[in-house]
1. Given the Cα-Cα distance of Glu79 and Asp127 and 0.36 nm per residue of separation, how much length would full extension add, in nm?
2. On the full set of protein chains, 1.4 Å probe, figure out the accessible area of Asp299 and give it in Å² to the nearest 10.
3. Could you check the spin-label model distance between Thr475 and Leu115? Points 7 Å from the Cα along Cα→Cβ, value in nm.
4. Want the number for Cys376 to Asp62: 0.36 nm per residue separation, take away the alpha-carbon distance, what's left?
5. Compare His373, His381, His391, His521 by solvent-accessible area with a 1.4 Å probe and give them largest first, with all protein chains kept in place.
6. Can you give me the distance in nm between label points at Ser40 and Lys272, each placed 7 Å from the Cα along the Cα-to-Cβ direction?
7. Given the whole protein assembly as supplied and a 1.4 Å probe, what does the accessible area of Arg11 come to in Å², nearest 10?
8. Provide the solvent-accessible area of Met435, counting protein heavy atoms only and rolling a 1.4 Å probe, rounded to the nearest 10 Å².
Amino acid sequence: MSQNESGMVCRAGKYLRLSKEDGDLSSTIKLQSNSIENQSQYIDEFLLGKPEIRIEECYIDDGYSGVNFERPGFQRMLEDAKAGKIDCIIVKDLSRLGRNYIEAGKYIERIFPMLGIRFIAINDNYDSADEDNAANNMILPFKNLINDAYCRDISIKIRSHLEIKRKNGEFIGAFAVYGYRKGEDRHRLIIDDYAAGIVKEIFRMKIQGKSQQAIADELNRLGILSPADYKKEQGSSYKSYFQKNTRAMWTAVSVCRILKNEVYTGTLVQGKESTVNYKVKVRREKAPEEWCRVENAHDAIISRNDFEIVQSILKMDTRASVGQKEVEIFSGMAACADCGCSMVRKKVIKKQIPYFYYRCSGNKRDKDFCSNHDICADELHETVKKSLQAHVNFLSGLQKQVRERDTISGVGIPMDFVRSQAEKQEDDIRKYERMKVECYEDYKSGLLLKEEYVLIRREMDKRIEEAQKIIRALTEKKSRLSEEQTEAFQSFQKILNEAEGVLERSIVVRFIEKIYVYDHHRIEIVFRYRDEIERLANLVQEAQRQEPHKLQEVG
C-alpha cells in the first residue's frame, strides 16, 4: 500500500447528505445526481488514484437539511474524529457538508484543523492539506455564502408555494384529519364514511349533554378505534409521540380536539404555526387572524349550526354531577340576571323527599355580592317548556305565512325584482336580434354601406352579450335567494320536529342561547336564530305591503 510523504495513510470518512432542499423534486435528473448512492460512487472514483487515503467509515444523513448541523450522521462522524478513528473527511462538494455559511466556515477553518482533520470537497477543488492553493482558500467563504443563499432562496420558494396552496383551499398536511381521507388529488379531502359517522356521533352525544370524558368512555366501551389506531389500520404510517400504550384509547382530550376542529364544517384552516426562518426550526404559534381559512374547501360532516352550538356548549360550565355521565338540562345556560353568575343546581331533603332548586353562585360565595334569590327546578323546567312551545308555535306560523306569500309572489320583493329585471333583458335581446335582421335587409337593398352594416352588427352583438351576462348574474342571484329560503325552512323544520317531543338537553341548546333568572322567580329567555327569524318576518311584511299593489294591477 502506498503512503503519503509523511509515511502515514489517511483514515478517511465519507460524508453523504441529501435533503429536499437540494434539488427540485420534480426534476428526476437533478434528484438522481445528488442521490446518496451517486455521491458515494463519485467519491470512490475520486479516490481511485489516491491510495494514500483509506476509507474507514461512511456517514449518511438522508433527508436532513444542510442548515442545521445537529444531524445524526454528522455528529457520529464528529465523535469519531474526536476519538481519533478518522483523520480525513471527504464530501462531494461544500453544500453536502452544510448550507449555513457561518457554521460551515467554523468547522472548516477552526474545528477540523483543531482536531487534525484533513477536509476534502471534490467538486470545489478544495483540500485543506494543499497549503499552496491560497486562491482557493480565499474563495472558500464566498462559496459557503452562496450555498447559504441558495438554501434561503429555496426556503422562500417553498413557503410561497405552500401559502398559495393554502389560499387555494388545498390540504398540505401529511395525514388527513380523522373523518376524512385523501383522494386521488392528494391535496383534497374526501369524507371517510365510517370515521365521519363516529364524528357525527361525538357531536350528537355532546349536544345531548354528555361530557367529553363520558363520550370517550362510551367509544372505548363500544371498541371503536381511536383516530391514531384507525389510521394505522387503514395502512397509514401515522405516529403519535403522545401515545404510551400499545393501543391508544379515546380520551377527553382527543374528543375535545374533534369537537373544536372547524374542518368538519367544510372550512379548511391551515398555517396556524410556522418557523421563525429557514435556520431556526423551532415552531411558533401564529395569531388567529394570520391563519389561512378557506370555506367550502371540502364536503362538510357537521353543519355550521351544530358546530356553533357545540362551541357555545364548550364555553359553559357543563360538568356532570357526581355519579352522572350527562349534565343537567339547564347546566351552563341558567344565569343570574343581576350579577351574571351561573345558577347552580342544589338539592335538599324535605320530609324524606328530594327537592331541587337553582341558586345564584355569586350569593353562595359572598352574601353581600348578590341577593339570595332562587327558583325551583320544576318551576324553571315548566316555564322554559311553555315559553319554548310558544316560540315554536310562532315560528311555525311565520313559516306558514312565508310559504303562503311564496305562492302569490315568489319569495317576496327580492325575487320579484330579479324576475322582472331578467324579463326586461330578454326583451332587449329580442329587440337587438330584430335590429340585426333589419340592418341586414337594409344592407342587401343598398340603403347601408358594408362598413356601416358591420359596425351596427358589432354594436348589437355587444349589447346582446351584455344583456346575456346580466341575465346569468340575475339567475345566480335568484338561485341563491331560493337556496337561502330553502335552507332556512329546512333548518327550522328540523328543529320544530325535534321540539315536538319531551324537553331534552339537545332541544334546549339548539333553541336557547341563555336563560336569565331574576328575583321573584321571573325569567328571561334569549332564543337563538334571532337574525333568521327577523329576516323571515321582514319577508312576510314586504310581501303583505306589495299585495294591494298586485291586486290593483290584476284588477
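The values are calculated or read from the model by the stated rules, or taken from the named source; none is laboratory data. Every value quoted in this text rests on a predicted model; they were computed, and no experiment measured them. In this analysis, Cβ positions are derived from the backbone assuming ideal geometry, glycine residues included, and neighbour counts consider all displayed protein chains. Just the protein is used for accessible areas: all its heavy atoms, side chains included, with ligands, DNA and RNA removed. Shrake-Rupley method; radii C 1.70, N 1.55, O 1.52, S 1.80 Å.
1. Here the answer is 15.1 nm.
2. Rounded to the nearest 10, that gives 110 Å².
3. Modelled inter-label distance: 7.3 nm.
4. 106.1 nm
5. Result, largest first: His521, His381, His391, His373.
6. It is 4.1 nm.
7. Accessible area of Arg11: about 80 Å².
8. The value for Met435 is about 70 Å².
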